[in-house]
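Before I ask anything, let me first share the structure, which is written out below as structure tokens.
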Amino acid sequence: MDSVRTALSSAIHNHAPPVPEFQDTESRLVYLRWLGAMSERLKKKKTDFESRKEFLQTVWYESKRAGLDVALVLGLIQVESNFRKFAVSSAGARGYMQVMPFWTRLLADGDAGKLFHMQTNLRFGCVILRHYLERENGNLFMALGRYNGSRGRAPYPDAVLGARRLWEY
């Protein structure tokens, strides 16, 4: 468990800014087209263009950083919080990706209020999902169940995978 805690904590504490970097012009153009398409899809949930752009840029950055499919992360956010920054579940999970406060005690300074900070929440959520994917040997269905605390039951993974299709580009 200590090695897992060390690896996750290291991933959380890497404070690289969410600024996309591209190897070539074509990669940058692909990203910009994706950003435009996703911005249109998200317009009803986030009406302000600048906040929508910052959110999408951060989701893209943190997803790529964790080696996750961006559409999967957007689908998970839709199911978990419906894109509400200050969402709190009945179990106490917080923010866009509904991260449980115990993760801040385990991996950071214990300040669960930081889970309402966009980049912090997205970083925690993506790192945790990546951890569960590795723990489940790449089995997305089981990893999503672990993320939600419903391992082996279909409704949650099915909902996320269904929402993921809405965000594919």
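Shape of segment 62-121 from its Cα gyration tensor (a ≥ b ≥ c, root eigenvalues): rounded if a/c is under 1.5, otherwise prolate when a/b > b/c, or oblate? Show your work: numbers first, answer last.
Details: a/c = 2.12, a/b = 1.28, b/c = 1.65.
Oblate, because a/c is 1.5 or more while a/b does not exceed b/c.
Out of these labelled values of Kirkwood radius over Cα pairs in Å, (i) 18.5; (ii) 16.3; (iii) 17.6, which was calculated from the coordinates shown here?
Of the listed options (i) 18.5; (ii) 16.3; (iii) 17.6, (ii) comes from this structure.
Would you work out the charge dipole size for the chain about its Cα centre, treating the Cβ of every Lys and Arg as +1 and the Cβ of every Asp and Glu as -1, and quote it to the nearest 20 debye? Intermediate results must be reported in sequence, preceding the final value.
Numbers: 25 positive and 17 negative charges, 97 e Å.
Once rounded to the nearest 20, the dipole reads 460 debye.
Tell me the relative contact order for segment 15-169 as a rounded percent, counting alpha carbon contacts under 8 Å between residues six or more apart.
Details: 194 pairs, mean separation 33.3, N = 155.
Once normalised by length, the contact order is 21 percent.
How far apart, in nanometres, would the label points at S90 and K45 be if each is projected 7 angstrom from Cα along the Cα-to-Cβ direction?
For S90 paired with K45, the spin-label model returns 2.2 nm.
Arrange the peptides 152-161, 26-35 so that the one whose residues have, on average, the most other Cβ atoms within 10 Å appears first.
The most tightly packed comes first, giving 152-161, 26-35.
Can I ask one more? Straight-line reach only, C-alpha to C-alpha below 18 angstrom: list the lysines that K43 could link to, leaving out same-chain residues fewer than 8 apart.
Those lysines meeting the cut-off are K53, K85.
So, one more: Run lengths n ≥ 4 of DSSP H only: what is the helix-derived mean residue ellipticity at 222 nm for the chain, with -39500 (n - 2.57) per run over all residues, to the nearest 500?
Details: 8 runs with 105 residues, N = 169.
So the helix-based figure for the chain works out to -19500 deg cm²/dmol.
Given contacts defined as C-alpha pairs under 8 Å and at least six residues apart, what's the relative contact order of segment 81-169, whole-number percent? Please list the in-between numbers first.
Working: 102 pairs, mean separation 13.4, N = 89.
Computed over segment 81-169, the figure is 15 percent.
Okay, moving on. Suppose R0 equals 25 Å. What FRET efficiency, 1/(1 + (r/R0)^6) with r the Cβ-Cβ distance, do F116 and D158 give to the nearest 0.05? Working shown, then result.
Numbers: r = 28 Å, r/R0 = 1.12.
It comes to 0.35.
Related question: Over the chain, average the accessible area per residue using a 1.4 Å probe and give it in Å², no decimals. Mind dumping the intermediate values first?
Numbers: 8830 Å² over 169 residues.
I get 52 Å² per residue for the chain.
Give me a comma-separated list of calculated 3J(HN,Hα) values for segment 97-113, in order, Karplus coefficients 6.51, -1.76, 1.60 applied at θ = phi - 60°, integers in Hz, x for any Gly or Pro.
9, 6, 7, 6, x, 4, 5, 6, 6, 6, 10, 9, 8, x, 7, 5, x
Have a look at S63, S89, S51 and tell me which one the Gaussian network model of the chain (Cα, springs below 10 Å) gives the largest fluctuation.
S51
The values are calculated or read from the model by the stated rules, or taken from the named source; none is laboratory data. Bear in mind the structure is a predicted one, so any value in this text is a computation, not a measurement. Here Cβ is always computed from backbone atoms with ideal geometry, including for glycine, and neighbour counts include all displayed protein chains. Accessible surface areas use protein heavy atoms only, side chains included; no ligands, DNA or RNA. Shrake-Rupley method; radii C 1.70, N 1.55, O 1.52, S 1.80 Å.
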